[in-house]
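Right, one structure below, let's go through it.
The values are calculated or read from the model by the stated rules, or taken from the named source; none is laboratory data. Owing to the predicted nature of the structure, the values given are computational and were not obtained by experimental measurement. Note: ideal-geometry Cβ built from the backbone for every residue, glycine included; neighbour counts use all protein chains shown.
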């Protein structure tokens, strides 16, 4: 079944793309969520008339993402946490922790845009990719250091 995407869908396409998907996926997920409409002749005509607006929005979004990328790459987040003897953390640093620390630095980003295979569970320096736009990905430097214990 062909549908026209009304917004970006990860792994499927960008706003305005005409894609072929399974009927069940279109009827049960994409169309009810407002992410797509059926690719009928009338909807395709509407798409063509809105094409310039869509392209302008895509360009503007990409430019904004580029500015945020520059701001993120200037930052270096540092976390001071309790750690064991071998450098393993008692907890972990997750995307939620990174997003809240970024917000404190003045950059508000949805935690889902921070790409991590698994939470950080050891001391050291890490680079976390932040997917701001389908064509723009920033590299965020994260440093995890051990909390110093007071000697008596």
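Numbers at a glance
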item: For residue 16: the one exception among (1) outside any loop (DSSP other than H, G, I, E, B); (2) touching a residue at least 12 places away in the same chain (Cβ under 8 Å); (3) closer than 26 Å to residue 115 by Cα; result: (1)
item: Residue within the stretch 75-84 that is surrounded by 13 or more Cβ atoms within 10 Å (Cβ to Cβ) and assigned to a helix (DSSP H, G or I) present; result: no
item: Residue match in the stretch 51-66 (condition: at pLDDT below 90, more than 24 Å from residue 131 (Cα to Cα) and surrounded by fewer than 18 Cβ atoms within 10 Å (Cβ to Cβ)); result: yes
item: Only one of 47, 30 that is in the same structural domain as residue 16 (by TED's automatic domain parsing) and either within 30 Å of residue 143 (Cβ to Cβ) or at pLDDT 90 or above (or both); result: 30
item: Residue check for residue 95: outside the structural domain of residue 17 (by TED's automatic domain parsing) and either in contact with a helix residue (DSSP H, G or I) (Cβ under 7 Å, 6 or more places away or on another chain) or on the phi > 0 side of the Ramachandran plot (or both); result: yes
